[in-house]
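Below you'll find the structure, written out as structure tokens, and then a few comments.
The values are calculated or read from the model by the stated rules, or taken from the named source; none is laboratory data. For clarity, every value in this text was computed on a predicted model and none was experimentally measured. Here the Cβ is made from the backbone with ideal geometry for all residues, glycine too, and neighbour counts use every protein chain on show.
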Amino acid sequence: MEGFTTFPMRLWLNMAARPTVMTTPFLRVTRAHPEGQLPLLFAPELFELRGVLPYALTPQLITADSQLFLRAAQLLPPDVSSAVELNCGCPSPNSVGREAGSGILRDPKAFAAIISGMVASLGPHRLAVKMRLGFASADEFGPLVQSIATLPLARLTVHGRTRADGYRGKARWDLIQQAASVAMAPTWASGDVCGMETAAQLQTAAPGIAGVVIGRGLLRNPWIFEELRSGSHQSITAATLANALLCFGLLQELTITAPAKLITKVGRGHFADFCGTSAQGWERVTAELTSMVGGYPFILGTDQVSVRELAALPLSPTAWARVRMLWAYLRSSLPEPFQAPRLMRARSSSDFFSEFFAASASVMNTLGAETLILRHQLALDDCYGGARGT
Ligand SMILES: Cc1cc2nc3c(=O)[nH]c(=O)nc-3n(C[C@H](O)[C@H](O)[C@H](O)COP(=O)(O)O)c2cc1C
């Protein structure tokens, strides 16, 4: 997801909840970019970190030009086993204006020509396609899918909305099921899966699908993959959640200030273990990341002294802004005191965690519970669930 599933977030998600496959945010391919090599942080899992991390990574590109797509795809390791995905869903005017993203869907004939040309160049089972139902209307979907149904794609992922829908309305799982029944490629569904209840509903509505892509659901509750695997909501202490959020910020910081050092560390097996909701797991990672960023190991405790000490950690405004971006969604899966605007307005990490622990004390006093349950709350989607422009 653009702006989110970058390398540091993928590392963090792997520690939190072990998704089996992740996709890079799309890389816009132009005549001038990328040239010679892919950006260092686009997909290190396929280069320096090949085989180190347990998840599969699909690199995603956006362009309407088959030749440019091929040129960029050739910058991936030649023996790469994973597929390269073409984004045919992005609704932004920037993409559509270049006939890319969901702009490719405007003309079924041109769409079929682009996709079959790419398959012919890359070879069978190398191209994955991520598409919407159509540009202006879901009526476009049948002809679009038919036009690529027999192609040997690695994967066909369908977001069950049109470009005109944006993120409004319900995703059409019925149409995704129709695609799964005609396409030769394994068909994955995208849209509105936010937890085990919606995952079960999707399974009933679209039994032919081979997998599910989770978008906004992972921002609302990054532990969703564990929820789906275990069949139960995940619970976490406030201190562990705080350390996990701090780790998210520290990984962002290292990506900005010392990306090569971070990659080397991961290559030596660090930051690859599953932590889930375990206090010890996240404390170990926090101590290691704070040593790298601040020069000494530090673990966040619920006391004010520990929260004040955070001020000494060199977390840049950019890294902290990434935490706030995640928090803007994540808070909607937590009890109401965490949704208070003053947490969002906190100017620094120590102000934020001070408010965070005040909210958790209030929750614990009211509910008498020791842990927080991460649970997607459908009623809050209008406030916290949309993408930009919705
Ligand atoms: C902030 C944001 C960024 C996204 N970036 C991408 C992207 O780079 N590539 C892509 O194929 N889809 C992208 N999507 C679309 C999602 O993959 C997904 O298809 C869509 O959000 C519907 O699924 P959901 O209801 O699970 O969110 C993005 C969505 C959001 C909200």
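Pairing each residue of the stretch 234-247 that is over 15 Å from residue 280 (Cβ atoms) with any residue that is of a type in the set (Val, Ile, Thr) and outside any helix (DSSP H, G or I), provided the two are 6+ apart or on different chains, yields C-beta distances under 7 Å for 234/277; 235/277; 235/371; 235/373; 238/302.
Any chance the stretch 295-312 includes a residue that's closer than 18 Å to residue 7 by Cβ and assigned to a loop (DSSP other than H, G, I, E, B)? No, the stretch 295-312 contains no residue that is closer than 18 Å to residue 7 by Cβ and assigned to a loop (DSSP other than H, G, I, E, B).
Taken over the stretch 325-348, the criterion of being basic (Lys, Arg) and not in a helix (DSSP H, G or I) is satisfied by 347 alone. Exactly one residue out of 208, 195 is of a type outside the set (Asp, Glu) and more than 28 Å from residue 358 (Cβ to Cβ), and it is 208. The single condition among (1) out of contact with any His (no Cβ under 6 Å at 6 or more places or on another chain); (2) near the ligand (Cβ under 10 Å from one of its atoms); (3) touching a residue at least 60 places away in the same chain (Cβ under 8 Å) that residue 96 does not meet is (2). Total residues in the stretch 196-244 satisfying the condition of being out of contact with any Leu (no Cβ under 8 Å at 6 or more places or on another chain) and more than 10 Å from the ligand (Cβ to nearest atom): the figure is 20.
Does the stretch 142-153 include one or more residues that are assigned by TED's automatic domain parsing to the domain that holds residue 124, touching a Gly at 6+ places or on another chain (Cβ under 8 Å) and free of Cβ contacts under 8 Å to residues at least 40 places away in the same chain? Yes, the stretch 142-153 contains at least one residue that is assigned by TED's automatic domain parsing to the domain that holds residue 124, touching a Gly at 6+ places or on another chain (Cβ under 8 Å) and free of Cβ contacts under 8 Å to residues at least 40 places away in the same chain. Among the residues of this structure, residue 234 counts as one that is surrounded by 22 or more Cβ atoms within 10 Å (Cβ to Cβ) and either of a type in the set (Gly, Ala, Ser) or touching a helix residue (DSSP H, G or I) at 6+ places or on another chain (Cβ under 7 Å) (or both). Restricting attention to the stretch 141-155, the residues that are within 16 Å of the ligand (Cβ to nearest atom) and surrounded by fewer than 24 Cβ atoms within 10 Å (Cβ to Cβ) total 3.
For the stretch 106-121, the set of residues classified as touching a Leu at 6+ places or on another chain (Cβ under 7 Å), of a type in the set (A, V, I, L, M, F, W, C) and farther than 21 Å from residue 91 by Cα consists of 118, 119, listed by residue number. Checking 252, 280 one by one, the residue that is closer than 23 Å to residue 343 by Cβ and assigned to a helix (DSSP H, G or I) is 252 and no other. Taking the criterion of being of a type in the set (D, E, K, R) and within 16 Å of the ligand (Cβ to nearest atom), the residues of the stretch 121-140 that qualify are 130, 132. Cβ-Cβ distances below 8 Å connect the following pairs, each with a first residue in the stretch 202-222 that is touching a residue at least 12 places away in the same chain (Cβ under 8 Å) and within 12 Å of residue 326 (Cα to Cα), a second residue that is more than 8 Å from the ligand (Cβ to nearest atom) and of a type in the set (D, E, K, R), and a separation of six or more residues or different chains: 221/227; 221/375. Taking the residues in the stretch 349-390 that are part of a loop (DSSP other than H, G, I, E, B) and modelled with pLDDT of 90 or more as candidates, determine which candidate is farthest from the ligand (Cβ to nearest atom). Filtering first and then ranking leaves 371. Among 77, 59, 34, which is more than 15 Å from the ligand (Cβ to nearest atom), under 26 Å from residue 325 (Cβ atoms) and touching a helix residue (DSSP H, G or I) at 6+ places or on another chain (Cβ under 9 Å)? From the options 77, 59, 34, the qualifying one is 34. Residue 292 passes every criterion in (1) touching a residue at least 40 places away in the same chain (Cβ under 8 Å); (2) closer than 17 Å to residue 352 by Cβ; (3) assigned to a helix (DSSP H, G or I) apart from (2).
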